[in-house]
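Enquirer: First the structure, which I've put down as structure tokens, then a few questions once you've had a look.
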Amino acid sequence: MNQQVTKICKDFIHELNEVIGSQKAENIFILTDDNTQKFCLPELLKSEKLKGCHLITIPSGDENKNVESAVIIWKYLSENGANRKSLMINVGGGMITDIGGFAASTFKRGIRYFNISTSLLGAVDAATGGKTGINFLGLKNEIGVFAPADEVLINIDFFRTLDNENLRSGYAEMVKHALIDTRAEWDEILKFDLENINFDTLRDLVDRSIRVKERIVEQDPKEQNIRKALNLGHTFGHAFESMSYRIKKPVLHGYAVMWGLLCELYLSHVKLNFPKDDLLKLKYLTKEYYGTFNIDCNDYEALFELMTHDKKNETSEINFTLLSGIGEIHINQTATKEEIFECFDFFAGC
Ligand code: GLY
């Protein structure tokens, strides 16, 4: 798998021109959803390298990350002369980079593709690391391949138009990266002022956060081992997220991850002596900026059931990544039902 280094752009159009120029593509296809077509594509089209390129737009939303949208993309590529010398540029959040990467890497056994992430969440997570895919039969990312983008470009200016909720959603994944990295990163991320976003500071933090993910993916691109560190917070988090959809009060992914991190750091404290001080720091951050997901003991069984169906489980046991300290990662951990319910008690009491 080729090494991928995400570029945090200072002069977006200039850097975009450079990477397009280096590819010498015969033709270029830009993939957007209906939002990024409206709000981000005009900026991209300032690039003289994109004159005459093809535009493909699919409907936005994770519910459209499906085989029907993939067919729209493959059909357009096929009918408009795409070949092994073509380049596809995916412009959007995680939904677009996931499906675009999947469509590109399966078309004619794979054409080159770039990701330009327009959401903070996508920038620090989906755009980097080579996981591509679509949802199928109600299962998230059920069909997909590992196929890293040839270039990933981040333009922090796109994030200026994001609302607070979407910025906080992305920030949760940055908190996760700091927790699995070093105490210095953890201290730094906690200093960031979510009330008054400074986009220069954010650029620096995004850069460092992506490097944490890149270092881990480089060691284990196909998630056999240490890449499971990136699942911290996601075992509980996915259960909260799925439950929110089930009760028709959907929450943003990063909110569910933040609540999942809180539960999993509590579990880490109970099982591996993760420091209480750091657990409390995360608790205050969560309470202040993410509120809570209202659960009571009547919900525990259903949440537990959702966790048993998580595709990260390799056996009948629920698989966790836990920490014994900041940056001290323990993959393939398990917990009893009683321990998991104790985490729900802790969370519900926060
Ligand atoms: N989203 C976690 C990973 O890319 O492995």
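Enquirer: Taking the conditions exactly as written (in a helix (DSSP H, G or I), surrounded by 15 or more Cβ atoms within 10 Å (Cβ to Cβ) and either touching a Phe, Trp or Tyr at 6+ places or on another chain (Cβ under 7 Å) or not small (Gly, Ala, Ser) (or both)), does LEU267 satisfy them or not?
Expert: On the way: in a helix (DSSP H, G or I): yes; surrounded by 15 or more Cβ atoms within 10 Å (Cβ to Cβ): yes; either touching a Phe, Trp or Tyr at 6+ places or on another chain (Cβ under 7 Å) or not small (Gly, Ala, Ser) (or both): yes.
Considered against the rule, which asks whether it is in a helix (DSSP H, G or I), surrounded by 15 or more Cβ atoms within 10 Å (Cβ to Cβ) and either touching a Phe, Trp or Tyr at 6+ places or on another chain (Cβ under 7 Å) or not small (Gly, Ala, Ser) (or both), LEU267 comes out as yes.
Enquirer: Out of segment 224-233, which residues are within 8 Å of the ligand (Cβ to nearest atom) and under 17 Å from TYR171 (Cα atoms)?
Expert: Scanning segment 224-233 gives LEU230, ASN231.
Enquirer: Tell me, please, whether a residue that is free of Cβ contacts under 8 Å to residues at least 12 places away in the same chain, among the acidic types (Asp, Glu) and part of a helix (DSSP H, G or I) can be found in segment 273-285. Give the steps one after another, and end with the answer.
Expert: Pass one, segment 273-285, residues free of Cβ contacts under 8 Å to residues at least 12 places away in the same chain: 276-277, 280, 284.
Subset that is among the acidic types (Asp, Glu): 277.
If we keep only those that are part of a helix (DSSP H, G or I) as well, we get 277.
So far as segment 273-285 goes, yes, one or more of its residues are free of Cβ contacts under 8 Å to residues at least 12 places away in the same chain, among the acidic types (Asp, Glu) and part of a helix (DSSP H, G or I).
Enquirer: Let me ask you something else. Would you check which residues across segment 187-223 are free of Cβ contacts under 8 Å to residues at least 24 places away in the same chain, surrounded by 12 or more Cβ atoms within 10 Å (Cβ to Cβ), among the acidic types (Asp, Glu) and more than 16 Å from the ligand (Cβ to nearest atom) and list them?
Expert: ASP187, GLU188, ASP204
Enquirer: Under the condition of being touching a strand residue (DSSP E or B) at 6+ places or on another chain (Cβ under 8 Å) and surrounded by fewer than 18 Cβ atoms within 10 Å (Cβ to Cβ), which residue from segment 24-34 is farthest from GLY100 (Cα to Cα)? Can you show your working first?
Expert: Filtering segment 24-34 for residues touching a strand residue (DSSP E or B) at 6+ places or on another chain (Cβ under 8 Å) gives 25, 27-34.
Now drop any that are not surrounded by fewer than 18 Cβ atoms within 10 Å (Cβ to Cβ), which leaves 27, 34.
Details: ASN27: 16, ASP34: 14 Å.
By that ranking, first place goes to ASN27.
Enquirer: In addition: ASP150 is checked against (1) within 19 Å of GLU223 (Cα to Cα); (2) away from the ligand (no atom under 11 Å from the Cβ); (3) at pLDDT 95 or above and fails just one. What number does that condition carry?
Expert: For ASP150, the exception is condition (1).
Enquirer: Still on this structure, I have one more. Would you check which residues across segment 292-326 are open to solvent by less than 30 Å² (accessible area, probe 1.4 Å) and part of a loop (DSSP other than H, G, I, E, B) and list them?
Expert: Scanning segment 292-326 gives PHE293, ILE295, ASP310, ASN313, ILE318, ASN319, ILE326.
The values are calculated or read from the model by the stated rules, or taken from the named source; none is laboratory data. As the structure is a computational prediction, the values presented were derived from the model and not from experiment. Quick reminder, even Gly has a Cβ in these numbers, built from the backbone with ideal geometry, and neighbours come from all protein chains shown. Only protein heavy atoms, including side chains, enter the accessible area calculation; ligands, DNA and RNA are left aside. Shrake-Rupley method; radii C 1.70, N 1.55, O 1.52, S 1.80 Å.
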